[in-house]
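**Student:** Questions regarding the structure given below will be posed in turn.
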Amino acid sequence: MDKEKIERYRKLGLKMTPQRLAILEYLEGNTSHPSAEDIFRHVEEKFPSMSFATVYNTLEALKEKGLIIELNIEPGKKRFDPNIEPHHHMICEKCHRIFDVFEDFSVDLPPKYAQKFKVKRSQVVFYGLCSRCAEESK
Ligand SMILES: [Zn+2]
Ligand SMILES: [Zn+2]
């Protein structure tokens, strides 16, 4: 990771340890929406002494700074998205891969609800089968 980026994270008040850097590097441009366990397994290869708590705390810190988004799409398993641009998701119910949908379409709350609720953001999750799993289950 280049110095500029590291500096930017520092300025945000994130303590930059080699472990944290490895986590950030893994997340950068990652479109697989990894869980904390996935991230831990990956970074552990490089830092065998790293604890799961380090991964967890780093993710919490990044979330707090608005650098990653926590997805609660899969029951019982938080997934993380380094892409903070507003987008929607599709999740395959068989292989649990999560895909991005960058198409811009709006979902409007019917007026009777909108009167009593100020919408700040919304996200649509599509549940189904990815093309690979659909092919396999033929
Ligand atoms: Zn699938
Ligand atoms: Zn995403």
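**Student:** Out of everything in the stretch 90-125 that is aliphatic (A, V, I, L, M) and under 29 Å from P34 (Cα atoms), what residue ends up being farthest from ligand 1 (Cβ to nearest atom)? Break it down stepwise before answering.
**Tutor:** Narrowing the stretch 90-125 to residues aliphatic (A, V, I, L, M): 90-91, 98, 101, 107, 109, 114, 119, 124-125.
With the extra rule that they be under 29 Å from P34 (Cα atoms), the set shrinks to 90-91, 98, 101, 107, 119, 124-125.
Numbers: M90: 10, I91: 9, I98: 10, V101: 15, V107: 24, V119: 31, V124: 19, V125: 15 Å.
Across the stretch 90-125, the extreme among qualifying residues is V119.
**Student:** Taking the condition of being exposed (fewer than 11 other Cβ atoms within 10 Å of the Cβ), within 11 Å of ligand 1 (Cβ to nearest atom) and assigned to a loop (DSSP other than H, G, I, E, B), how many residues in the stretch 126-138 meet it?
**Tutor:** 1
**Student:** I want to confirm something. Restricting to the stretch 58-93 and keeping residues that are surrounded by 14 or more Cβ atoms within 10 Å (Cβ to Cβ) and more than 16 Å from ligand 2 (Cβ to nearest atom), which single residue is farthest from T17 (Cα to Cα)?
**Tutor:** Per the stated criteria, the residue is A61.
**Student:** At pLDDT 90 or above, over 20 Å from V124 (Cα atoms) and either out of contact with any Asp or Glu (no Cβ under 6 Å at 6 or more places or on another chain) or part of a loop (DSSP other than H, G, I, E, B) (or both): does that describe R10? First the steps, then the outcome.
**Tutor:** Working: at pLDDT 90 or above: no; over 20 Å from V124 (Cα atoms): yes; either out of contact with any Asp or Glu (no Cβ under 6 Å at 6 or more places or on another chain) or part of a loop (DSSP other than H, G, I, E, B) (or both): yes.
No, not satisfied.
**Student:** To continue, here is another question. Between a first residue in the stretch 127-138 that is charged (D, E, K, R) and a second residue that is within 16 Å of ligand 2 (Cβ to nearest atom) and assigned to a strand (DSSP E or B), which pairs have beta carbons less than 9 Å apart while being 6 or more apart in sequence or on different chains?
**Tutor:** Final answer for the pair search is R132/C92.
**Student:** Any idea which residue in the stretch 94-124 is farthest from ligand 2 (Cβ to nearest atom), counting only those that are acidic (D, E) and free of Cβ contacts under 8 Å to residues at least 60 places away in the same chain?
**Tutor:** Our first condition is that a residue be acidic (D, E); within the stretch 94-124, this holds for 100, 103-104, 108.
Next, from what is left, pick out any that are free of Cβ contacts under 8 Å to residues at least 60 places away in the same chain: 103-104, 108.
Working: E103: 13, D104: 14, D108: 22 Å.
Applying the filter and picking the extreme gives D108.
**Student:** Then there is this: Where in the stretch 67-123 are there strands (runs of 3 or more DSSP E), lying fully within it, with 2 or more residues that are aliphatic (A, V, I, L, M)? Full working, then the answer.
**Tutor:** Values: elements: 69-74, 77-81, 88-92, 98-101.
It comes to 69-74, 88-92, 98-101.
The values are calculated or read from the model by the stated rules, or taken from the named source; none is laboratory data. The structure presented is a predicted model; accordingly, all values stated were derived computationally and were not measured. FYI the Cβ positions are ideal-geometry reconstructions off the backbone, even for glycines, and counts take in every protein chain you see.
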